[in-house]
1. What does the charge count near Gly136 come to, summing +1 for each Lys or Arg and -1 for each Asp or Glu among other residues with Cβ under 13 Å from its Cβ?
2. Could you calculate the FRET efficiency of Ser398 with Tyr61 from 1/(1 + (r/R0)^6), where r is the beta carbon distance between them and R0 is 41 Å, rounded to 0.05?
3. Return a whole-number percent for the relative contact order of region 342-456, with Cα pairs under 8 Å and 6 or more residues apart as the contact set.
4. Would you kindly state how much longer the chain becomes between Asp117 and Glu260 on full extension, computed as 0.36 nm times their sequence separation minus their alpha carbon distance, in nm to one decimal?
5. Enumerate the calculated ³J(HN,Hα) couplings along region 131-147 in order (Karplus 6.51 cos²θ - 1.76 cosθ + 1.60, θ = phi - 60°), each rounded to whole Hz, writing x wherever the residue is Gly or Pro.
6. Which helices, taking whole DSSP H runs in the chain, have alpha carbons extending 20 angstrom or more along the helix axis plus mean Kyte-Doolittle at least 1.0?
7. Just the C-alpha atoms of the chain: what Rg/Rh do they give, with Rh taken as the Kirkwood radius?
8. Given labels modelled 7 Å from the Cα in the Cβ direction, how far is it in nm from Leu377 to Glu184?
Amino acid sequence: MKKVLSLVLALALVLGCMSIASAESDKIKLVVWSCTNELQGMIEKYYAPNHPEIEFEFQIYPTDGSAYETKVDNTLGVPDAAVSDEAPDIFTLEAAFVKHYVETDWTGDLKDIGFTDEELAVAFPVMAQIGQDSKGVQKGLSWQSTPGVLMYRAPLAEKYLGVTTPEEFQEKVKDWDTFLETAEELKEKSEGACKMITGSGDIWNAYQYQRSQPWVVDGKLVIDDELLDFEELCKTLEQDDLTQKAGAWGETWFAGMRGENETLCYFLPTWGLHYTLKPNCVAGWDAENPDSEENIKNATENGTYGQWRLVDGPVAYSWGGTWMGINAAKAAVASDAKKAAMHDLIKFFTLDDDFLTQYAADSGDFVGSAKAVETILANGGTPNPFLGGQDHYAIFASAAKLANGALMSEYDSTINDLWDKFVTQPYTKGEVESIDDAIAEFKNQVAAVITTISVD
């Protein structure tokens, strides 16, 4: 009897182990690549606990230089490597290179894993446009939208311009001509103490959305007429001493955020509010306890917490963002169950109303679904004490609806750098007298660096 019982117990143990092994083997494996741990943290917090049927494998390749892009190229660009177990099923694409990858065959059409036109229509157009290839195929979706606005210090606007409301200030910056007039007025009334912006380079990310055409159209370099106006504006700002004559991301730039110099305005997107301006509003910001009473008291008394306001500014624009894309090679051979899992994951983070409203509440980030934003605004919006109670969601929503993502191209990063180096810098500093000479050299440089496009 003991032997029989032992055999029964042993058999039960074996069957139990086999059952566990079978359950593990039945899991759907999704390999996720990114250049930061942001998406991994979101999946682990919001998604994985409710999806035990999915096994996640995360690979983080930081964007030091072009390390992440090189890794993607060397994997997705090699047929055998692209379908290997180590290759990503889903990978993130940053604004600097998203257009490059969506124009390749390496990234798949999201409809191939089950997305419908009805689902895709929920995304903000600007972010959806950026995630499309030149044929309009949707290859990337973002959980965030990154519209840009103009952020200004209200006490300085009131002191020197007599402006007491965001509505009044918007009238002072409603277009670029008025923006320049206000900069001149600010100089006069502050006797040169207060500057409109840190440097003329601050306006580039916004001004480029003034164009009617991207850098490259039908394989040809296009220099939009608006870019000539941009150079004249930059030259006036610099030569008339209307800026701090410093670049972004430097000490002078951050000093203005802390109130250590009088800089009135910053052109920044959604992430710039939460991750740049706010944590730099005072020396000694407590990043570990940002909402603590002690931290806010210090930032208010010794910094600029509560002094900032948002307005639309001269033009609606977008700056930055992260998109989720799929590896076309692995999607093509994936089971229906795996395709469904890929679809569900991307849809959850980029289009799901319940998740995105919760994520907005948790992070303050501006989300990529127009529907979710409408829900947030209908539920009372997001009064922000850092902005003196102003609702940042309402302002960002306006910009997100107007920004034109079709102006972005896969060549932007390279061409923008060349334009700044060979046109903006020498021309605005007076190193080159003729704008035509500067543009001629710029064209020579573009032709030498990007041989796949035509330069007249």
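Every read-out reported here was derived from the displayed coordinates using simple, explicitly stated rules and does not represent laboratory data. Bear in mind that the values here come from a model prediction, so they are computed numbers and not experimental data. So basically every Cβ, Gly included, is an ideal-geometry build from the backbone, and we count neighbours across all protein chains shown.
1. On the way: positive: Lys111, Lys135, Lys139; negative: Glu103, Asp109, Asp117, Asp133.
That sum, taken over residues with Cβ under 13 Å, equals -1.
2. Numbers: r = 36 Å, r/R0 = 0.88.
E between Ser398 and Tyr61, to the nearest 0.05, is 0.70.
3. Values: 76 pairs, mean separation 13.8, N = 115.
Relative contact order comes out at 12 percent.
4. Numbers: separation 143, 0.36 × 143 = 51.48 nm, distance 5.02 nm.
Stretched out fully, the Asp117 to Glu260 stretch lengthens by 46.5 nm.
5. x, 9, 7, 5, 9, x, 6, 7, 10, x, 10, 10, 7, 10, 10, 10, x
6. Details: long enough: 2-25 (34 Å, 1.52); 176-190 (21 Å, -1.08); 225-239 (22 Å, -0.57); 336-351 (21 Å, 0.15); 435-449 (21 Å, 0.40).
Both cut-offs are met by 2-25.
7. Details: Rg = 25.5 Å, Rh = 24.3 Å.
Rounded to two decimals, Rg/Rh equals 1.05.
8. 3.5 nm
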